[in-house]
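The values are calculated or read from the model by the stated rules, or taken from the named source; none is laboratory data. Bear in mind the structure is a predicted one, so any value in this text is a computation, not a measurement. Cβ placement follows ideal geometry from the backbone for every residue including glycine, while neighbour counts extend to all protein chains displayed. Please note that ligands, DNA and RNA were not included when accessible areas were found on the heavy atoms of the full protein model with its side chains. Shrake-Rupley method; radii C 1.70, N 1.55, O 1.52, S 1.80 Å.
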Amino acid sequence: MKKAIVTLSATAIVLVSSLAMAADKEIAVKPYAAINGGLSLASDSKLTKNGFAATMSFEPGFAIGGSFGADFGAARAEVEIAYKTSSTDKIEAAGNSASIDGDMGLLSYMLNGYVNIPLGTSVKPYVGAGLGVATAYASELKYQGTVITKKVNDTKFAYQVSAGLGIDATESVVFDIQYRYLGASDFDFEGTKAEYGSHNFLAGLRYKF
């Protein structure tokens, strides 16, 4: 909850400052569209149900996303849809572990804000934060070929923080390299609470109209 409050405050500051700069300095607002993709590393998920606790780990997965936004020069604001997926690796409980076959996907809808760090060059570092919702999709989990859970899904509040580099290729095209951490409130899979967090390393293109 503390992370969520910090992220909410950061996002509000970014968006309000963006609008204020656009109004006070009469900055030309440029709409843009962006796509990105890359590596998604889901953190170990703590699972709890009726007092029983276990930890599930994941193999490296992938992430892909797209967004539409407005560029104010010193800051940006956007809406984003993204998808991440990772295969399960193993589950550990009471000092024992077992390999588990399955996967978990996450579809997120976010409102993001970014602040550029001016360097006076074509390379523009930036930091950002976002708020939204995410739906987690857990497939059937199998242990040695036997199905132990069925497919489930749940939607919860989500937040993310990011840092990256925007590299101007032309006046309209920007190459993006960024890191994002996305977290969510605990998902509820038919009584089983599951934590979620992922570290995402992305590359993409941003086109300003």
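To two decimal places, what compactness ratio does the range 32-75 give when its Cα radius of gyration is scaled by 2.2 N^0.38 Å?
Numbers: Rg = 17.7 Å, N = 44, 2.2 N^0.38 = 9.3 Å.
Against the compact-globule rule of thumb, the ratio is 1.91.
Nearest 500 deg cm²/dmol is fine: what mean residue ellipticity at 222 nm does the chain get from its DSSP H runs of n ≥ 4 alone, each adding -39,500 (n - 2.57), divided by its residue count?
It comes out at -4000 deg cm²/dmol, rounded to the nearest 500.
Expressed as an acute angle from 0 to 90° and rounded to the nearest 10, what is the orientation of the C-alpha long axis of helix 2-24 relative to the principal long axis of the chain?
20 degrees
Taking a probe of 1.4 Å, how large is the accessible area per residue of the chain, in Å²? Don't skip to the end; give the middle numbers.
On the way: 10860 Å² over 209 residues.
In whole numbers, the chain has 52 Å² accessible per residue.
Could you pull the Cα extents of the range 96-209 along its three principal axes, largest to smallest, in whole Å?
Over the range 96-209, Cα extents along the principal axes are 58, 30, 26 Å.
Starting at the first residue of the range 100-111, write each ³J(HN,Hα) from the Karplus equation 6.51 cos²θ - 1.76 cosθ + 1.60 with θ = phi - 60°, in whole Hz, x for Gly and Pro.
With the stated coefficients, the range 100-111 comes to 10, 9, x, 7, 9, x, 9, 10, 10, 10, 10, 10 Hz.
In the chain, which longest range has no GluC sites (Glu not before Pro) that are both DSSP loop (not H, G, I, E or B) and surrounded by at most 12 other Cβ atoms within 10 Å?
Longest site-free region, per DSSP loop and neighbour criteria: 27-170.
Work through the residues other than G66 whose Cβ is under 13 Å from its Cβ and net out their charges, Lys, Arg +1 and Asp, Glu -1.
Net of charged neighbours comes to -2.
For the chain, treating each Cα as an identical point scatterer without solvent, what Debye log10 I(q)/I(0) comes out at q = 0.15, 0.18 1/Å?
Summing over Cα pairs of the chain leads to -0.91, -1.19.
Which one, P118, M104, N200, is farthest towards the positive end of the dipole of the chain when Lys and Arg carry +1 and Asp and Glu -1 on their Cβ?
P118
Can you send over the carbon and sulfur percentage of the accessible area for the chain, probe radius 1.4 Å, protein chains only?
Its accessible area is 63 percent carbon and sulfur atoms.
So who's got an amide H within less than 5 Å of the one on D71, skipping anything under 5 residues away but keeping other chains? H placed 1.01 Å off N, in plane.
Amide H to amide H, under 5 Å and 5 or more residues apart or across chains, D71 pairs with K30, Y32.
Given an 8 Å cut-off on Cα distances and at least 6 residues of separation, report the relative contact order of the range 44-117 as a percent.
With pairs under 8 Å counted, the relative contact order is 30 percent.
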